[in-house]
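To start, the structure itself, in structure tokens.
The values are calculated or read from the model by the stated rules, or taken from the named source; none is laboratory data. These numbers were taken from a predicted model, which means no experiment stands behind them. Cβ placement follows ideal geometry from the backbone for every residue including glycine, while neighbour counts extend to all protein chains displayed.
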Amino acid sequence: METAKFETCPKCGCQSMKNIIYVKHGKEPVIYVQCAKCGSFVAGYVLKTYISDKTYETLLEIMHLESCTDSRDFTHKIEAFSKGIEEEYKRALEIAKTGKEKRKAEKIIGENIK
Ligand SMILES: [Zn+2]
């Protein structure tokens with residue numbers, strides 16, 4: 001199965017979102033999604049890996065500057081921008097733009113877990 005869609009506000013149907021990156025020590029980061037139009041809660045994602053737009057070298061630089069960050073296993077948690085990611089992102093965008101996927105995110109994600 002392969003599918004993609006733009007996140008949609010369950011209250012007003014808007015597709016403009018604000019992502020809130022919430023980080024608490026000792027816990028997985030959480031991304032809370034808020035509708036940019038009506039301010040409703042849309043969804044929350046517990047983050048396993050953060051895909052950056054930065055290269056691996058730039059990430060190393062950033063991590064070294066911020067000494068409070070534990071960089072031991074950061075490569076597992078933060079993934080550098082690569083050709084593979086760029087291609088997958090473009091593919092996802094392409095599929096989402098078709099607007100063919102009408103099912104709710106819960107339905108799509110739920111089916112992928114089965
Ligand atoms: Zn809304």
Among the residues of the stretch 20-57, write down those that are surrounded by 13 or more Cβ atoms within 10 Å (Cβ to Cβ) and polar (S, T, N, Q). Q34, S40, S52
Considering (1) under 22 Å from Y45 (Cβ atoms); (2) loosely packed, with under 11 Cβ neighbours inside 10 Å; (3) at pLDDT below 95, say which one K83 fails and leave the rest. (1)
Which of the residues spanning the stretch 82-98 are of a type in the set (S, T, N, Q) and closer than 15 Å to Y50 by Cα? S82
Among the candidates I31, I20, residue that is β-branched (V, I, T), closer than 23 Å to E88 by Cβ and not assigned by TED's automatic domain parsing to the domain that holds T98: I31
